[in-house]
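J.: After the structure tokens below, expect a handful of questions from me.
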Amino acid sequence: MSGGLVVDNVGVRFGGLVALESVSFDVPEATVTGVIGPNGAGKTTLFNVISGFIKPTNGSLTWEGKAFSPKPNHLVRDGVARTLQGVGLFPLLTAVENVMLGATIRRKAGFGSALLGLPRSDRDEAALRKEAHEWLERLGATDVAGRPAGTLAYPVQKRVALARALISRPRLLMLDEPAGGLGAEDLGPLAELITTLPREWDTPCSVVLVEHHMDLVMKVCDKVVVLDFGRCVATGTPAQVQSDPAVAAAYLGEEPPEESALTEESTS
Ligand SMILES: Nc1ncnc2c1ncn2[C@@H]1O[C@H](COP(=O)(O)OP(=O)(O)OP(=O)(O)O)[C@@H](O)[C@H]1O
């Protein structure tokens, strides 16, 4: 059995609407898996199932070889981190404070406990702050560390949100449209970060990526899962799904998708 994540026969219904139907795929350890599909295909619903915000109507998840019933409040403890389609930062806290919050569950004491007025260790908090600064530096956002997150430009907020997810050293990192709202100059470093992550730490990190930006998907993913109307219509390497007629049909109707055509179609 895969040491990573296994999604087995997952279905979700909202009343009469079938948002996901019999979706199965796995995310092997230390790999990057992309989930793509047209608007309304079920990508966000799938992410919400994996992160415990939606309980599937049927099917199951297995994480690191064990049955997995994710709960949003326990994700970091389970080794899972997720970024949101927006950014979801605390606007009045500084960038570095937001990043520190991403790690508090990993620590006995720290910034979270300070916020809650619980006993804490100053040494722990100093170490955490240093680590948060290091992540901001890695993501090219060190100069905004002391600024309230709400005052930062959107692409910078996205970097801070990514740093907040990474500081927990997740074994499964779920990225929800990380390229959304970013300029071309941000995409190269983002792609490099995503491809480096799975092999960077002692504990392997798997990445699941929902993304409309096809160039990024094709560049960084080991595997791509294509959803359409809640069903998985193709799974394979980026090259395989690009030449799969079912994918062309899902996106464009008839013609096989050119990479640039997919990008244009799906980012509009
Ligand atoms: N809470 C909900 N209640 C009812 N229907 C929902 C709910 N959430 C999603 N849906 C429906 O489920 C289907 C799948 O939606 P979902 O947001 O997962 O698609 P998506 O692939 O993420 O789309 P997009 O690319 O536009 O974000 C859509 O038809 C959507 O309208």
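The values are calculated or read from the model by the stated rules, or taken from the named source; none is laboratory data. Since this is a predicted model, take the numbers as computed values, not measurements. Using ideal geometry, Cβ is built from the backbone for each residue, glycine included, and neighbour counts are taken over all protein chains shown.
J.: Taking only segment 189-227 into account, find how many residues are over 28 Å from A248 (Cβ atoms) and of a type outside the set (S, T, Y).
T.: Going through segment 189-227 one residue at a time, the tally reaches 11.
J.: State whether one or more residues within segment 59-79 are near the ligand (Cβ under 10 Å from one of its atoms) and closer than 26 Å to A250 by Cα.
T.: no
J.: Same structure, new question: Just the residues that are part of a helix (DSSP H, G or I) and not charged (D, E, K, R), please, taken from segment 193-237. Working first, answer last.
T.: We begin by selecting, within segment 193-237, every residue part of a helix (DSSP H, G or I); these are 193-199, 214-220.
Across segment 193-237, the qualifying residues are L193, I194, T195, T196, L197, P198, M214, L216, V217, M218, V220.
J.: Hey, does segment 38-53 have a residue that's assigned to a strand (DSSP E or B), at pLDDT 90 or above and within 16 Å of the ligand (Cβ to nearest atom)?
T.: no
J.: Would you list the helices (runs of 4 or more DSSP H) that sit entirely within segment 90-148 and hold 3 or more residues that are surrounded by fewer than 19 Cβ atoms within 10 Å (Cβ to Cβ) and at pLDDT 90 or above? It would help to see each step written out before you state the result.
T.: Numbers: elements: 95-101, 111-115, 122-138.
In segment 90-148, 122-138 are the helices (runs of 4 or more DSSP H) which contain 3 or more residues that are surrounded by fewer than 19 Cβ atoms within 10 Å (Cβ to Cβ) and at pLDDT 90 or above.
J.: Which of (1) in a loop (DSSP other than H, G, I, E, B); (2) surrounded by fewer than 22 Cβ atoms within 10 Å (Cβ to Cβ) is the odd one out, the single condition N73 does not satisfy?
T.: Only one criterion in (1) in a loop (DSSP other than H, G, I, E, B); (2) surrounded by fewer than 22 Cβ atoms within 10 Å (Cβ to Cβ) is unmet by N73, namely (1).
J.: Among (1) free of Cβ contacts under 8 Å to residues at least 24 places away in the same chain; (2) away from the ligand (no atom under 15 Å from the Cβ), which single condition is L17 missing?
T.: (2)
J.: Here is a list: A153, A126. Which entry is without any contact (Cβ under 8 Å) to a residue 12 or more places away in the chain, over 17 Å from L89 (Cα atoms) and in the same structural domain as V99 (by TED's automatic domain parsing)? Before you say what the answer is, go through the steps one by one.
T.: Values: A153 fails: over 17 Å from L89 (Cα atoms).
Just a single option satisfies the conditions, and that option is A126.
J.: Pick out the one residue from L193, L216 that is within 27 Å of D78 (Cβ to Cβ), out of contact with any Pro (no Cβ under 7 Å at 6 or more places or on another chain) and within 16 Å of the ligand (Cβ to nearest atom).
T.: L216
J.: Now for a different question. Being small (G, A, S) and in a loop (DSSP other than H, G, I, E, B) is the filter; apply it to segment 26-37 and report the residue that is nearest to the ligand (Cβ to nearest atom).
T.: To start, the set of residues in segment 26-37 that are small (G, A, S) comprises 30, 34, 37.
Within this subset, residues satisfying the condition of being in a loop (DSSP other than H, G, I, E, B) are 30, 37.
Numbers: A30: 26, G37: 5 Å.
Only one residue tops the list, namely G37.
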